[in-house]
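We did not get these values from a lab; they are worked out from the coordinates using the rules stated. This one's a predicted model, so the numbers in the text were calculated from it and none came from an experiment. When we count neighbours, we look across all protein chains shown, and the Cβ atoms used for this are built from the backbone with ideal geometry, even at glycine.
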2 protein chains.
Amino acid sequence: MLDPTQLTTLRAVVDAGSFAAAATQLQYTPSAVSQQMAALERACGVPLFERLPHQVRPTAAAQRLAELAGGPLADLAAAEREIAGMARGEEGRLRVGAFPTAGATILPRALAALRRLTPGAEVELVEGEPELLVPQVQDGRLDLALVYEYDLVSADFGTLVRVALRHEPLRVLLPASRRDVSVSVRLADLRDETFVAPLEGSAGAANLDRMCAAARFRPRVSFRSNDYAVMRGLVGAALGVAVVPELGVAPDRAVRAVPLAGRPLRRRVDVVHRPTAANPLLAPMLAALRGV
Amino acid sequence: MLDPTQLTTLRAVVDAGSFAAAATQLQYTPSAVSQQMAALERACGVPLFERLPHQVRPTAAAQRLAELAGGPLADLAAAEREIAGMARGEEGRLRVGAFPTAGATILPRALAALRRLTPGAEVELVEGEPELLVPQVQDGRLDLALVYEYDLVSADFGTLVRVALRHEPLRVLLPASRRDVSVSVRLADLRDETFVAPLEGSAGAANLDRMCAAARFRPRVSFRSNDYAVMRGLVGAALGVAVVPELGVAPDRAVRAVPLAGRPLRRRVDVVHRPTAANPLLAPMLAALRGV
DNA sequence: GGCCAAGATGAGCAGCGCTTAACTTCATTA
DNA sequence: TAATGAAGTTAAGCGCTGCTCATCTTGGCC
């Protein structure tokens, strides 16, 4: 492979018209230019200069080579600049996963902060439950993901790095018509209620089951959904009560959200990523998330 | 400047999927590949691989870089091939000058021979008198030139290299009607003739003057031309006699060409070029010319 | 549990490419 | 004609680079 350094020097020589001028321009000694050009001639197997007293004259081969080398040298420099931009996080793409509620709440604010930090970055968003996102982070399809884990339902994040973002207390959703509870409610007092529960098999459903088991009852379930808006609607229609994390609470005149009495049970929200911080945008994104 | 060797290795790694496979493919040791990629990462300032047990996974930056580098690397290789072709004389251009008669006689045969030697070569032809061509060879506008020099009119070729191609005897052109001379003629016997001479100031005219001066007379000139066909026409019309080199003789029933008696006076035909054999096509062309 | 494969790391060594310095060759100028 | 200076070349020296070889680490696999 022809040496780009020598080709750059060749172009400088052809442009400047002499070894000495090219040396000045490139911050070399004339000797270095002379040796580089001699080496390039050896590599090409063709004379690149006619040696005249006090000057050199580029041959047709040298002029052609200088011309041919211009494009690739510029392209390499452009590639270097683009990669440097990626290194600084000015360009590049970050693939982010998030559980549905986070996508609507935490993420937009974090992404706004990221945009301020790295205006050129592209972000690809994937919504899904932690069980779906974690494998994608592990195998590299995602750079990071927002996931949750109930205190009572441990999840497996393998070797991924977890950064805790927040701990959400769980709330009980009651129809607004219910006046029999005030500032808080004990779960055991809900043993005779009908529950609006998460879908069977989900971490939320397992969490509810374990909470109730700790309170010595099995919840009677009337409806199931993983969509907190749906759950609120059902509760507001007095079709049951629900236990949801704080992010699942929204202003709704038909629904009251009441803290649980006793030891606080929570859902933690984590961001997970591979230990290798391979994407330069990962650090700013983590910073943005922590700042929310 | 990013190192093309490392970029080539990067592409091999991204293609092959592992350092070891790339090493095998490129005839390196795995250690060399590992060190090259570490150096490239240092140069880029961005992780190019996620290190997993027993494998590496190229990051988005690595894939982008491999993609970006493909073009320039291929272009550099293509440039190298083209220059190698020029070095072998398979392509490239040779700029040849020749005096007018040579252009019609010696050159075509030499160029046919050159075409056999280097089929891909391009030849640029310039016709002109030696006084015009020699400076063009000296300053590089021509690679070589066919020139002549009369024995009696020395020419200045500066530092150019001269290769003698042939020595042309001079001939006297007489109207065919002239029966008073047979196998040869002494110049002194032509002292009362009218001459068809080369243009004043040309080497041919100087040659005629000096020849005649040596024979103790000044030629009476009726017509002047540097075109041998014109001169033959004038002689054939019995408007004078002429002295021309052998290349100026052509079959013509109205004209007889007779050798000069006495010490042979000649015109030498040389090829001249700069001492630096900078054009790879120069050597084959010289060979072709010598072969004519 | 032992083995193997992939990659990382350190030592060592050869070669490359720079600078410095001295030399050659001309052109310019006194 | 001699001195000066500029351009290029060449030799010496040295530090850095980049390879190989050897060794180590890690984790999958029989």
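Considering only beta bridges that DSSP places wholly inside the stretch B:161-292, some 75 percent are antiparallel. The modelled label-to-label distance between residue A:213 and residue B:109, using points 7 Å beyond Cα along the C-beta direction, is 10.8 nm. Under the classification rounded if a/c is under 1.5, otherwise prolate if a/b is larger than b/c and oblate if not, where does the stretch B:88-193 fall, given a ≥ b ≥ c as square roots of the Cα gyration tensor eigenvalues? Note, shape of the stretch B:88-193 comes out prolate.
Residue A:171 sits among other residues whose Cβ lies under 13 Å from its own Cβ, and their net charge, with Lys and Arg +1 and Asp and Glu -1, is +1.
Hey, could you get me the Stokes-Einstein D for the stretch B:97-146, Kirkwood radius over alpha-carbon pairs, 10 °C and 1.306 mPa s, rounded to whole µm² s⁻¹? Once the numbers are plugged in, D ends up at 140 µm²/s. Between residue A:81 and residue B:136, the distance separating the two model label sites (each 7 Å from Cα on the Cα→Cβ line) works out to 4.3 nm. Based on DSSP H segments of at least four residues, each scored -39500 (n - 2.57), chain B has a per-residue ellipticity at 222 nm of -13000 deg cm²/dmol. D by Stokes-Einstein for chain B, Kirkwood Rh over Cα pairs, 20 °C, 1.002 mPa s: 89 µm²/s.
Largest mean-square fluctuation among B:28, B:228, B:150, in a Gaussian network model of chain B whose springs join Cα atoms under 10 Å apart, belongs to B:28.
The same position residue B:55 in the other copies lies at 6.2 nm from this copy, comparing label points 7 Å beyond Cα toward the beta-carbon, shortest first. DSSP assigns beta bridges within the protein assembly as shown; of those with both partners inside it, close to 65 percent run antiparallel. Could you let me know the centre-to-centre spacing of the stretch A:92-139 and the stretch A:140-169, using Cα atoms, in angstrom? Value for the Cα centre distance between the two parts: 13 Å.
Hydrophobic long helices, here whole DSSP H runs in chain A with Kyte-Doolittle means of at least 0.5 and Cα atoms spread over 15 Å or more along the helix axis, are found at A:106-117.
With its label point put 7 Å out from Cα toward Cβ, residue A:124 sits 5.2 nm from the same residue's point in the other copies, in order from shortest. Close amide H partners of residue A:52, meaning residues 5 or more places away or on another chain with modelled amide H under 5 Å apart, are A:57.
GNM on chain B, alpha-carbon springs under 10 angstrom: the most fluctuating residue among B:121, B:261, B:21 is B:21.
Using a cutoff of 8 angstrom between alpha carbon atoms and counting only pairs six or more residues apart, the relative contact order for the stretch B:134-257 works out to 33 percent. One residue of chain B places its C-beta nearer than any other to the axis carrying B onto A; that residue and its whole-Å distance are B:72, 2.
When chain A is treated as a GNM with alpha-carbon contacts under 10 Å, the residue of A:161, A:56, A:153 showing the greatest mean-square fluctuation is A:56. Plainly put, the tip 7 Å out from Cα toward Cβ on residue A:238 is 14.5 nm from that tip on each other copy, the closest given first. Could you please report the charge total around residue A:236, scoring K, R as +1 and D, E as -1 over all other residues with beta-carbon less than 13 angstrom from its beta-carbon? Around residue A:236, the charge tally is +3.
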